[in-house]
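Asks: I'd like to ask some things about the structure below.
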Amino acid sequence: MSLTLEAKKAIVDEVAVVAASAHSAVAAEYRGMTVEEMTALRAQAREGGVYLRVVKNTLARRAVEGTEFECIKDELTGPLILAFSQEDPGGAARVLDKFTKESKNLEIKIVSLGGKLLSPADIKAVASLPTKDEAIAQLMSVMKAPAEKLVRTMNEVPGKMVRVLAAVKDQKEAG
C-alpha cells in the first residue's frame, strides 16, 4: 500500500525534526534481516537513546535537507535504516556497531558526524566517543589534577622537614 501525500509529508517532517537536533547519523543496509532481529535492534536503539527509522530514500533525502546531515543525501541508496543519536554523538554508532556483531545481515553504509560524511570504517572511532557523563568525568579529572599536584607539593615541605629531624635525632642517639 502506497503512502498518501499527507503521510509522506508527516514522515519527512518527523525525520527532519529529529535530524535537526541529532548529534550524529548512521545508515545501515538491513537486507536479509528477520523480523525478530529488527525488533531486537529497535529495542537496543530505544535503550541507547537512538532514533531508528526505515524511510524511503527519497523521503529521507528531503528530510535531511537544511540539516547538518545534508552530506548523506547522495549516499542514500538501497534498503537503509537510519539511526540518529539523540543523547550523545556515539550512541547510534555504538548500537549499530554492536548489532552488526550479532547479525551478519546488517551492514553499515553511511556514518556522519558534525556535518561531515565519514567512511563506514570509521564506525568504531565514532562508537568509541565518550558519553556525556564520561566526558564530564574526564574533564573533571583533568581540572582536578593541578590542584592535587599543588597540595602534594605543599605537603612535601613539612614532610621532608620531619624526615630530616628524625634523621638528625637518630644520628645523635647513635653517636
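Asks: When every alpha-carbon pair in region 130-175 is counted, what percent end up more than 15 Å apart? If you can, show how the numbers build up before the last one.
Replies: On the way: 671 of 1035 pairs.
Across region 130-175, Cα pairs with separations above 15 Å total 65 percent.
Asks: Here is a follow-up. Take T4 and E156, extend 7 Å from each Cα along the Cα→Cβ direction, and tell me the distance between the two endpoints in nm.
Replies: Label-label distance for T4 and E156, simple model: 7.7 nm.
Asks: Another question about this same structure. How large is the direction-averaged shadow of the alpha-carbon convex hull of the chain, in nm²?
Replies: Here the figure is 16.1 nm², rounded to one decimal.
Asks: If you don't mind, another one. Under the Karplus relation 6.51 cos²θ - 1.76 cosθ + 1.60, θ = phi - 60°, what is the ordered set of whole-Hz ³J(HN,Hα) values for region 2-18, x standing for Gly and Pro?
Replies: Couplings: 7, 7, 6, 4, 5, 5, 5, 4, 5, 5, 4, 4, 4, 5, 5, 5, 5 Hz.
Asks: Determine which lysines satisfy two conditions relative to K124: a Cα distance under 27 Å, and not lying fewer than 8 residues away in the same chain.
Replies: Straight-distance partners of K124: K56, K73, K98, K101, K104, K109, K116, K132.
Asks: Cα convex hull of region 83-124: how many Å³ per residue? Don't skip to the answer; put the middle values down first.
Replies: Numbers: hull volume 2.8 nm³, N = 42.
Cα-based convex hull of region 83-124, divided per residue, equals 67 Å³.
Asks: Turning to a different aspect of this structure: Hey, how many Å between the Cα centroid of region 126-159 and the Cα centroid of region 24-83?
Replies: Centre-to-centre (Cα) distance: 38 Å.
Asks: Also, I was wondering about something else. Which log10 I(q)/I(0) values does region 29-121 give at q = 0.14, 0.15, 0.17 Å⁻¹ under the Debye formula, counting every alpha carbon as one identical point scatterer?
Replies: Scattering profile of region 29-121, log10 relative to I(0): -0.47, -0.54, -0.71.
Any read-out appearing in this document is the output of simple, stated calculations on the displayed coordinates, not a laboratory observation. Not measured: the values here are computed from a predicted model. In this analysis, Cβ positions are derived from the backbone assuming ideal geometry, glycine residues included, and neighbour counts consider all displayed protein chains.
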